[in-house]
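The values are calculated or read from the model by the stated rules, or taken from the named source; none is laboratory data. Worth saying up front: this structure is predicted, and the values here are computed from it rather than measured. Here Cβ is always computed from backbone atoms with ideal geometry, including for glycine, and neighbour counts include all displayed protein chains.
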There are 2 protein chains.
Amino acid sequence: MSVAALQLTSDELEARLRQIGANRYHNLHRFHHRLHGGQCTYEEVQAWALNRYYYQAMIPIKDATILTRMPNPEDRRQWRKRIEDHDGREESDGGIERWLKLTGSLGFPRDYVTSAQGILPGTRFAVEAYTEFCRSRSLLQAIASSLTELFSPAIINERVAGMLAHYDFVSKETLAYFSQRAVQAKRDSDFALDYVKKYAATRAEQNSVIAALEFKCSVLWAQLDALWSAYVDGAIPPGAWVPGEKTTHGQAA
Amino acid sequence: MSVAALQLTSDELEARLRQIGANRYHNLHRFHHRLHGGQCTYEEVQAWALNRYYYQAMIPIKDATILTRMPNPEDRRQWRKRIEDHDGREESDGGIERWLKLTGSLGFPRDYVTSAQGILPGTRFAVEAYTEFCRSRSLLQAIASSLTELFSPAIINERVAGMLAHYDFVSKETLAYFSQRAVQAKRDSDFALDYVKKYAATRAEQNSVIAALEFKCSVLWAQLDALWSAYVDGAIPPGAWVPGEKTTHGQAA
């Protein structure tokens, strides 16, 4: 069998990528089941929102990293929309601002959340692995790592419906972050999927795209692992937020 | 109170650093207690050795990163010993080679271990956060992050004595990695402690040294969190080693 014969068609590559989602996306994680199933305590939902803030906050930095690597203005115009979605066009706008409304509604002062001082090391290391991946790997891999958005509309619907049904401390308003994400994610993943199908020309490049999506699934999965260990299993690592503790933004030690 | 008055004396700085060890070093982690206390299963010891290999393997790369940043030949001569300790002076020598003897004695093929394909994402992200920290932060912080070695002779003694007492599948020979580490760690941490006491001239620099050691403690802690979650609690993330599975070094997907 020749090497050429081993190459995947564009449709086969897409099928492989969708299969990764079916096997590894974090909608399969026990913390997600617990969250949308209504079994989380208030403190667990707090911990989830606090930690997930750091991921949200780093997304535009990750996307700006990718922008720096795109030689083509048309690609940059497309990709720039991601940054606009998260950072907004004015002060009260954008996904990060909406996420801060959620953490605020859960009792966290804004400064405490944005300082990231209470997040889990497991969250920090996973998120920073993602930005570093997009800085140091090929542009093709950096773009491919965004493809978890292929799978996010489904998890968002499940999460929002489940949380509204089960928790009286969340509302459509506090979950406003998610209201626009499904449409944005569809637009963004359409672009990224077209891009990798077009530019992953060799089997080695196709494999690198597959590996990038597996990597990204592990970035999301590891964040829920860390949450479960700390706040469901109760083994909070030194320095991380402890439910009930005072959450002022501390001075340097 | 003036800013100068807030500055720590050299002895106060050392005391603060030792206090971090007393509060945050991974000898306090439940996985360490389980390992040296004899409660680990064979598979848990396997998982520990397999994952810890990746940390061991990246140490000389971390140290080479620090070498690239040291302007002073005398400092580089001192620091280079760390690389020699891990990489050895000839083929059968060095800490990495000794660690591979341990993983080999626990049934893992050498190629499988060195491929790192079965390690936990939590291990990978924590270890890579460490190398990235030593690349991107100040040289002072990079050196300070090695100061967990101040605390390692004690944990090594406890670990080796406990493992020899409780597990018939380990021996002094398979734990040979640790036989030289206490002496090396003492020499290395003497150098690093002298360095930070000498060069952390402002309170801001002293704080950065404290933060670097806290960061490094979280790198070690997060690795044991990931082990516990996957192999004690049984929630193995997709793609990580599964006890009993065939461990050949796989081809690309």
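Here are the numbers for the structure shown:
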item: Count - residues of region B:35-69 that are over 15 Å from B:TYR112 (Cα atoms), of a type in the set (A, V, I, L, M) and touching a Leu at 6+ places or on another chain (Cβ under 7 Å); result: 1
item: Residues satisfying the stated conditions in region A:1-36, i.e. surrounded by fewer than 14 Cβ atoms within 10 Å (Cβ to Cβ) and either in contact with a Cys (Cβ under 7 Å, 6 or more places away or on another chain) or more than 22 Å from A:LYS216 (Cα to Cα) (or both); result: A:MET1, A:SER2, A:VAL3, A:ALA4, A:ALA5, A:LEU6, A:THR9
item: Residue match in region B:153-168 (condition: closer than 30 Å to A:ALA126 by Cα, out of contact with any Leu (no Cβ under 8 Å at 6 or more places or on another chain) and among the acidic types (Asp, Glu)); result: no
item: Checking B:ASP194 against (1) part of a helix (DSSP H, G or I); (2) free of Cβ contacts under 8 Å to residues at least 12 places away in the same chain; (3) crowded, with 18+ Cβ neighbours inside 10 Å, the condition it does not meet; result: (3)
item: Residue satisfying condition, being modelled with pLDDT of 95 or more and within 11 Å of chain B (Cβ to nearest Cβ), within set A:VAL209, A:VAL170, A:VAL196; result: A:VAL209
item: Pick from region B:161-191, criterion aromatic (Phe, Trp, Tyr) and not in a loop (DSSP other than H, G, I, E, B), ranking: surrounded by the most Cβ atoms within 10 Å (Cβ to Cβ); result: B:TYR177
item: Residue check for A:ALA226: surrounded by 24 or more Cβ atoms within 10 Å (Cβ to Cβ), closer than 27 Å to A:PHE133 by Cβ and under 15 Å from the mean Cα position of the chain (by Cα); result: yes
item: Within region A:21-40, tally of residues that are touching a Phe, Trp or Tyr at 6+ places or on another chain (Cβ under 9 Å) and either free of Cβ contacts under 8 Å to residues at least 24 places away in the same chain or within 13 Å of another protein chain (Cβ to nearest Cβ) (or both); result: 11
item: Test for B:ARG187: is it more than 23 Å from B:THR247 (Cα to Cα) and over 15 Å from the mean Cα position of the chain (by Cα); result: yes
item: Residues of region A:9-20 that turn out to be within 11 Å of chain B (Cβ to nearest Cβ) and small (Gly, Ala, Ser), as a count; result: 0
item: Odd one out for B:ILE156 among (1) in contact with a Phe, Trp or Tyr (Cβ under 6 Å, 6 or more places away or on another chain); (2) under 21 Å from B:GLY21 (Cβ atoms); (3) within 14 Å of another protein chain (Cβ to nearest Cβ); result: (3)
item: Test: A:LYS62 is surrounded by 15 or more Cβ atoms within 10 Å (Cβ to Cβ), within 28 Å of A:LEU193 (Cα to Cα) and either under 17 Å from the mean Cα position of the chain (by Cα) or within 13 Å of chain B (Cβ to nearest Cβ) (or both); result: yes
item: Within region B:35-146, helices (runs of 4 or more DSSP H) holding 2 or more residues that are polar (S, T, N, Q) and over 22 Å from B:ALA235 (Cβ atoms); result: B:42-67, B:95-105, B:110-115, B:121-136
item: Conditions (1) crowded, with 18+ Cβ neighbours inside 10 Å; (2) more than 16 Å from the chain's Cα centre (by Cα); number of the one not met by B:GLN39; result: (1)
item: Sole residue being basic (Lys, Arg), more than 30 Å from B:HIS26 (Cα to Cα) and without any contact (Cβ under 8 Å) to a residue 24 or more places away in the chain, chosen from A:ARG69, A:ARG80, A:ARG98; result: A:ARG80
item: Hey, A:ASP190 over 20 Å from A:LEU224 (Cα atoms) and out of contact with any helix residue (DSSP H, G or I) (no Cβ under 7 Å at 6 or more places or on another chain) or not; result: yes
item: Subset of region B:216-248 (residues that are more than 8 Å from every other protein chain (Cβ to nearest Cβ), part of a helix (DSSP H, G or I) and touching a helix residue (DSSP H, G or I) at 6+ places or on another chain (Cβ under 6 Å)); result: B:LYS216, B:LEU220, B:GLN223, B:LEU224, B:LEU227, B:TYR231
item: Of the criteria (1) over 22 Å from A:PHE133 (Cβ atoms); (2) acidic (Asp, Glu); (3) modelled with pLDDT of 95 or more; (4) assigned to a helix (DSSP H, G or I), which one A:GLU158 fails; result: (3)
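For every residue, the table says whether it meets (1) more than 18 Å from B:ALA176 (Cβ to Cβ); (2) out of contact with any strand residue (DSSP E or B) (no Cβ under 8 Å at 6 or more places or on another chain); (3) within 14 Å of chain A (Cβ to nearest Cβ); (4) not acidic (Asp, Glu).
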site: B:ASP85; (1), (2), (3), (4): no, yes, no, no
site: B:ASP93; (1), (2), (3), (4): no, yes, no, no
site: B:ILE96; (1), (2), (3), (4): no, yes, no, yes
site: B:ARG110; (1), (2), (3), (4): no, yes, no, yes
site: B:GLN117; (1), (2), (3), (4): yes, yes, yes, yes
